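> Take this structure, written in structure tokens, and hold onto it; I'll ask about it next.
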Amino acid sequence: MYRRLLLNIVGGFFARSVNLATSLVLVPLTVGGLGSEAYGIFAMALSATAVFAYSDLGLGLAVVNQIAGSSAGGARAAITRTWVFLCGIACGLAALGLLLLLGGGLPGLPFGATGRALTLALIVTAMGIPSALATRILFALNRNFEANLWIAAGKVAAVAAVGACRFFDAGLDLYLTALLGAPIAVNWLMTAVVFLRQRPDLRPARADLEIRALPADLRRGLAFTVLQLGIFAETGVDNLLVGAIRGHDAVYAYDLMARLFGYIAALVSIGAFPLWPALREMLAGGGNANARRLYRLAVGAAALGALVLAVVFVRYHAAIITLWSGLAYAPDTPLAAAMGLFAVLTSVATIQSMALNASNAIAYQVAIQLAVIPVLFTLKALLLANVSESAMVLSVCAVYLVRIALFQRRLGGRP
């Protein structure tokens with residue numbers, strides 16, 4: 001168990017290293033090719049893709065526990081239901097996006113460059129919704145190393161596509177299509193390999209389609225959707241809020257800072273996600289003591305690692321971003337410090353969430369998020385409009401402190 005977990009974590013860090021390397025290339029490519037204002041629209045569209053991806057209603061995540069704890073036949077039935085539903089959602093969203101794009105948006109509402117970019121992002125994202133299921137399957141089967149290799153390949157493909165856009169002096173539409181579409185193409189190739197070559201026993205089959213079981217799947221999936229929306233309320237909505245309240249140029253500065261500190265939580269998440277199936281297997285086998293020991297070790301490692309990186313990034317954020325983007329970046333220590341604190345809190349909360357997921361304590365997390373989301377949206381909008389970006393980030397930190405305390409209390413008798 002520990003050897004497989006370590007392999008998955010090492011593979012995850014390799015993929016994240018590739019992701020970091022590709023981002024180091026993508027930022028100067030996009031900033032230099034688009035300019036600060038167009039890059040602001042570009043960043044807003046990328047933020048919106050998180051919302052579009054949630055249109056799977058959480059079924060991709062909900063199927064993880066079903067696959068991990070089922071026979072091949074039971075897993076195939078769950079995969080088939082999820083696959084059919086995701087394909088239907090993808091077709092519907094793509095059709096809606098095409099109608100909006102061809103019709104110039106909704107009647108009576110301004111469309112413009114921002115509306116066009118958001119609509120194009122919707123179409124491209126919709127095309128990739130079903131293909132993301134293969135990643136979840138590999139994750140449920142504890143084959144994270146392989147899944148992360150595919151993710152890394154998608155990032156490399158995105159760099160090549162965006163590089164071509166820069167070489168040919170393409171516009172915003174092609175930049176968006178390249179960055180979003182290249183990883184999706186790789187995901188579809190991964191889907192074909194998983195279903196046709198590696199695990200044909202898990203390939204969706206019409207005979208395994210059980211419509212009567214779909215409502216239960218949706219209930220589980222909607223719980224994960226609420227959790228994902230909570231994450232979006234915490235960070236994903238920021239670029240959209242900054243763009244709407246402060247303008248596209250402000251998005252450029254905020255997005256680069258957020259990307260830098262976002263790597264801290266992203267690195268921690270790579271080690272955290274394999275904990276979910278590993279802890280679940282331990283708990284199912286009665287290894288509660290081992291599960292608690294692993295959980296405590298993970299929390300300590302995540303907090304310490306995040307803190308070290310946060311201190312370095314706060315001290316040198318302006319120099320790092322200037323070197324990264326190719327344009328001079330003005331220091332903003334208050335915002336950097338707020339984001340550093342948020343990165344540490346996020347890292348701890350991520351480990352907690354994996355432990356709660358393994359314990360099937362989804363409903364508890366959903367209840368917390370339902371209470372937090374409206375408060376957080378309101379606080380962030382008010383503080384951004386009337387105070388500053390750093391105040392907005394600190395409001396999220398305050399919410400995280402409360403949530404961490406509640407989660408730890410819930411985990412008192414769990415791993």
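No value in this document is a laboratory result; all are computed from the given coordinates. Just so it is clear, the structure is predicted and the values come from calculations on it, not from any experiment. No Cβ is skipped: glycine too gets one built from the backbone with ideal geometry, and neighbour counts run over all protein chains shown.
> Mind telling me which of Val366, Val193, Val64 comes out most flexible in a GNM of the chain, alpha-carbon contacts under 10 Å?
Val193
> Using 1/(1 + (r/R0)^6) with R0 = 25 angstrom and r between the beta carbons of Val387 and Ser36, what's the FRET efficiency to the nearest 0.05?
According to the calculation, E is roughly 0.60.
> Using the Kirkwood radius built from alpha carbon pairs, what does the Stokes-Einstein equation give as D for segment 223-319 at 25 °C and 0.890 mPa s, in µm² per second?
Estimated via Stokes-Einstein, D reaches 153 µm²/s.
> For segment 237-415, take N as its residue count and report Rg(C-alpha) divided by 2.2 N^0.38 Å.
1.13
> Continuing with the same structure: Can you give the relative contact order of the chain as a percent, counting alpha carbon pairs under 8 Å and 6+ residues apart?
This gives 22 percent for the chain.
> Quick one: 3J(HN,Hα) in Hz for segment 133-150, Karplus 6.51/-1.76/1.60 with θ = phi - 60°, rounded, Gly and Pro as x.
4, 4, 4, 5, 5, 4, 5, 5, 8, 6, 10, 5, 4, 5, 4, 5, 5, 5
> Follow-up question, since we're still on this one. Short version: ³J(HN,Hα) in whole Hz for each residue of segment 238-247, in order, from phi by Karplus 6.51 cos²θ - 1.76 cosθ + 1.60 (θ = phi - 60°), x for Gly and Pro, what are they?
Using θ = phi - 60°, the values come out as 4, 4, 5, 5, 4, x, 6, 9, 9, x Hz.
> Could you give the length gained on full extension between Phe111 and Arg315, defined as 0.36 nm per residue of separation minus the Cα-Cα distance, in nm?
Answer, rounded to one decimal: 69.4 nm.
> Measuring from centroid to centroid over Cα atoms, what is the spacing of segment 360-393 and segment 170-207 in Å?
Segment 360-393 and segment 170-207 have Cα centres spaced 33 Å from each other.
> At most 13 other Cβ atoms within 10 Å and a DSSP loop assignment: could you name the chymotrypsin sites (Phe, Trp or Tyr not before Pro) in segment 165-197 that fit?
Phe168
> Modelled label-to-label distance, Ala289 and Ala192, 7 Å Cα→beta-carbon offset: nm?
5.1 nm
> In addition: Select from Leu99, Leu174, Leu260 the residue whose mean-square fluctuation is largest in a Gaussian network model of the chain (Cα-Cα springs shorter than 10 Å).
Looking only at Leu99, Leu174, Leu260, the biggest GNM fluctuation is shown by Leu99.
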